[in-house]
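Heads up, the thing below is written out as structure tokens.
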Amino acid sequence: MSASGGTRAIVAALSANLAIAAAKFVAFAFSGSSSMLAEGVHSLADSGNQGLLLIGGKKAKRAANEEHPFGYGRERYVYAFLVSIVLFSVGGMFALYEGYEKIRHPHAIDHWYWPVGVLVFAIVAEGFSFRTAIKESNHTRGVLSWTEFIRRAKAPELPVVLLEDFGALIGLVLALLGVGIALATDSGVWDGIGTLCIGTLLICIALVLAAETKSLLLGEGAGAESLTRIREATVDGESVTGIIHMRTLHLGPEELLVAAKISVRHDDTAAQVAAAIDAAEERIRAAEPFARVIYLEPDIYSEAAAAAGPDPDQTPGGR
């Protein structure tokens, strides 16, 4: 996935959310609508989330050192996980609290044209942000469905922005319905109910984000297509006759570790084996550009050893 594509989607979402948050708070000040307050906090939380994603992307570019020999690529996963926490705590829980209070102490909405006008503006702005995220995602989504793309993507930025924008659009519709019914019935309870629905939606999205980024934090291996390319590139049938064991691990969205025990001919010299390993590494990098760190261990193929599996203390894990 292109890092620049993710950055464009984040910047578009950040710009839209800052403008929307300001408009929602102004509408809340004039109307007293709890849906507008919840939506304003939601947009403010989304703006903070996009800021976290930009910070994570910047920190991930730091060079490797002795303390972190494989670099800082997984910082992007850490900050994406923080996004889910912020969305849950600040956005979702606040909306639930505000909705509960509005149902307990309902009051009519003043100056109805403020919340309605701002909500319509927000739907247009969020639609623009959502369209940008879809456009950037389509560059790498391929034939995957949207659900598969969100579950399998190794770069967290686009799935996060997609879910946030989708949730924001649904939340705006719920807010518009809550305000509309409250105005039609002259009962502020419906405004509170709309706010509760927004909070429930945000918490559900936060839980999905947390589950997906947790998987990335624990460490995911290469996808099926990448594994196929790596296996085909490793074996040339001459100097490297097969793969006994192989493990892969994403050190970051665009950085993959490949560790494999490869089968070589029993009568090859040390120089021939070293040349075979160098050639295999070149083929792997050409076939899978994300394969930045490669460790190949030569061995003589044994059916008993292959059946026993790799030593978990000697090879890195992957999903």
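Among the listed residues ALA80, ALA95, ALA108, ALA122, which satisfies the condition of being aliphatic (A, V, I, L, M), in contact with a His (Cβ under 9 Å, 6 or more places away or on another chain), in the same structural domain as LEU53 (by TED's automatic domain parsing) and touching a residue at least 40 places away in the same chain (Cβ under 8 Å)?
The unique qualifying residue is ALA95.
Kindly indicate whether THR234 is of a type outside the set (Phe, Trp, Tyr) and either surrounded by fewer than 20 Cβ atoms within 10 Å (Cβ to Cβ) or under 25 Å from the mean Cα position of the chain (by Cα) (or both).
In short, no.
How many residues are hydroxyl-bearing (Ser, Thr, Tyr) and under 17 Å from TRP190 (Cβ atoms) if we restrict to the range 98-146?
1
Scanning for something more than 19 Å from the chain's Cα centre (by Cα), under 22 Å from ALA210 (Cα atoms) and among the charged types (D, E, K, R), does the range 65-72 turn up at least one residue?
No, there is no match, as no residue in the range 65-72 is more than 19 Å from the chain's Cα centre (by Cα), under 22 Å from ALA210 (Cα atoms) and among the charged types (D, E, K, R).
Report, by residue number, each residue of the range 96-120 that is of a type in the set (A, V, I, L, M) and either surrounded by fewer than 20 Cβ atoms within 10 Å (Cβ to Cβ) or part of a helix (DSSP H, G or I) (or both).
First, the residues of the range 96-120 that are of a type in the set (A, V, I, L, M): 96, 103, 108-109, 116, 118-120.
Correct list: LEU96, ILE103, ALA108, VAL116, VAL118, LEU119, VAL120.
Just a yes or no: is a residue in the range 130-152 small (Gly, Ala, Ser) and over 25 Å from LEU52 (Cβ atoms)? Before you say what the answer is, go through the steps one by one.
Pass one, the range 130-152, residues small (Gly, Ala, Ser): 133, 137, 142, 145.
If we keep only those that are over 25 Å from LEU52 (Cβ atoms) too, we end up with 142, 145.
Taking every residue of the range 130-152 in turn, at least one turns out to be small (Gly, Ala, Ser) and over 25 Å from LEU52 (Cβ atoms).
Which residue pairs have Cβ atoms under 8 Å apart, sit 6 or more places apart or on different chains, and have a first residue in the range 182-202 that is more than 19 Å from ALA27 (Cβ to Cβ) and a second that is among the charged types (D, E, K, R) and at pLDDT below 85?
Final answer for the pair search is VAL189/LYS102.
The values are calculated or read from the model by the stated rules, or taken from the named source; none is laboratory data. Fair warning: this is a prediction, and the values are worked out from it, not measured in the lab. Neighbour counts run over all protein chains shown; Cβ positions are idealised from the backbone, glycine included.
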